[in-house]
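The values are calculated or read from the model by the stated rules, or taken from the named source; none is laboratory data. Bear in mind the structure is a predicted one, so any value in this text is a computation, not a measurement. Positions of Cβ are backbone-derived with ideal geometry, glycine not excepted, and every protein chain shown enters the neighbour counts. The protein model used for the area step is the full one, side chains on, heavy atoms only, and it has no ligands, DNA or RNA in it. Shrake-Rupley method; radii C 1.70, N 1.55, O 1.52, S 1.80 Å.
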Amino acid sequence: MPASYAYLGPEGTFTEVALRTLPEAATRELTPYVSVQSALDAVRTGEAEAAFVPIENSVEGGITTTLDELVAGAPLMIYREVLLSITFALLVRPGTTLSDIKTVSAHPAAQPQVRNWLKKHLPDAHWESAASNADAARLVQEGQYDAAFAGEFAAARYGLEALETGIHDAENAQTRFVLVGRPARPAAPTGADKTSIVLWQRDDHPGGLRDLLGEFATRGINLMLLQSRPTGAGIGNYCFCIDAEGHISDRRMADALKGLKRICLQVRYLGSYPRADVRPGDVQPPRLGTSDEEFVEAADWVARCQDGRF
């Protein structure tokens, strides 16, 4: 039996479309799961080799369900990311008109991306959240809702028709998906990489977040995502999900992680992996004083001073 990749299902989701862009997907059994949690749990239990789930969109930022699942539970690690441009279609049962639509459904992450369209064209329609956009289409097929926002490609799968297409409130909207597996040695750096971590502060104090961010700033590391998530320990208790440019094998990234480990209550490493938005040759070089060579030279100088060879 081929190894299995779990993904947020059912069939016909944007997640499935993005997953099939990975070359290795052709050699894996692709298994839909009803939720992000169940897909990631399949990896934790060994039921699946990896899971493919959405983690961020360009309209609302980080997808909290996925972030929270990566923050809690047995550690997992991100190995790949995929960016997919997103536009929605309004899927209905054949014969349905706009005036017939009283209820609409989709994944909660879709609502901010179609809110203005919905207000303009279906101001009185009641929104109902679904486990995924494809699941919303399935529920329309079953008669539970009148319409679903999903990919146009899902219409044929669920016996629906696209009443409207090309729906989006923001031009060039994208969703980022990640391939998640059990912890292992990260892939070799490509020169255009991203490192994801979660940080917990030791205590709440003035300048606490500045202290964390300073570990990146002083080493010239650019942050690509910073999102706070409640820890569940009470109001005001948060951890921070961070994506930063660079690979754990880069001297400046490794040095920043060492600094964070010293000052944080806990650091969870979520992986270093190739960026999907840029090629290695297009990455800006490190700013003065933060290249690997300069870190090596500085360490050698300190060693010479310790030996009295300065």
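When the chain is fully extended, how far beyond the present Cα-Cα distance does Gln111 get from Val278, taking 0.36 nm per residue of separation? Numbers along the way, then the final one.
Numbers: separation 167, 0.36 × 167 = 60.12 nm, distance 2.83 nm.
Full-extension gain reported as 57.3 nm.
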Centre separation in Å (Cα based) which lies between segment 195-233 and segment 1-53: 31
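Once you sort the root eigenvalues of the Cα gyration tensor of segment 255-310 as a ≥ b ≥ c, which label holds: rounded (a/c under 1.5), prolate (a/b larger than b/c) or oblate (the other case)?
Details: a/c = 3.65, a/b = 1.38, b/c = 2.64.
Taking the square roots of the gyration eigenvalues as a ≥ b ≥ c, segment 255-310 is oblate.
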Amide H partners (placed H, <5 Å) of Thr31, local residues excluded: Tyr5, Ala6, Tyr7
C-alpha center-to-center spacing [segment 60-139, segment 243-260] in angstrom: 35
Two-decimal Rg/Rh across segment 116-238, once Rg and the Kirkwood Rh are taken from alpha-carbon atoms: 1.09
Principal axis box of segment 186-309, alpha-carbon based, largest edge first, Å: 52, 41, 23
Simple Cβ-charge dipole of segment 186-309, Lys/Arg +1 and Asp/Glu -1, about Cα centre, in debye nearest 20: 280
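Mean projection of the alpha-carbon convex hull of segment 144-201 over all orientations, in nm²?
Numbers: hull surface 36.9 nm².
For segment 144-201, averaging the hull's shadow over all directions gives 9.2 nm².
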Calculated diffusion of segment 1-113, Stokes-Einstein form, Kirkwood radius summed over Cα pairs, 20 °C and 1.002 mPa s, µm²/s: 138
Mean projection area, nm², convex hull over Cα of the chain: 19.9
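Where does the chain land at 222 nm, in deg cm²/dmol rounded to the nearest 500, when only DSSP H runs of n ≥ 4 count, each adding -39500 (n - 2.57), divided by all residues? Spell out each step's value before the answer.
Working: 9 runs with 85 residues, N = 310.
Helix contribution divided over all residues of the chain: -8000 deg cm²/dmol.
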Dipole axis of the chain (+1 Lys, Arg; -1 Asp, Glu on Cβ), positive-most option in Tyr5, Ile248, Gly308: Gly308
Packing-based order for 49-56, 60-67, using average beta carbon neighbours within 10 Å, highest first: 49-56, 60-67
Viscosity 0.890 mPa s, temperature 25 °C, Stokes-Einstein D of segment 88-167 from Kirkwood C-alpha radius, µm²/s: 207
Cα-only radius of gyration and Dmax that characterise segment 8-52, units Å: 10.0, 26
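Before I look further, what does segment 1-80 give for accessible area per residue, probe 1.4 Å, in whole square angstrom? Walk me through the numbers on the way to the answer.
Values: 3220 Å² over 80 residues.
Dividing the accessible area of segment 1-80 by its residue count gives 40 Å².
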The chain - percent relative contact order, Cα under 8 Å, separation 6 or more: 20
Three-way shape label, segment 195-243, alpha-carbon gyration tensor, a/c 1.5: oblate
Debye, to nearest 20: dipole size of the chain, +1 on Lys, Arg Cβ, -1 on Asp, Glu Cβ: 620
Most mobile of Asp135, Asp203, Asp255 in a GNM of the chain (Cα contacts under 10 Å): Asp203
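Taking all protein chains in place and a 1.4 Å probe, what share, in percent, of the accessible surface of segment 88-167 do carbon and sulfur account for?
Heavy-atom surface of segment 88-167 belonging to carbon and sulfur, 1.4 Å probe: 45 percent.
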Accessible surface, segment 88-167, averaged per residue in Å² (probe 1.4 Å): 45
Overall Cα dimensions of segment 120-165 - principal axes, largest extent first, Å: 28, 21, 17
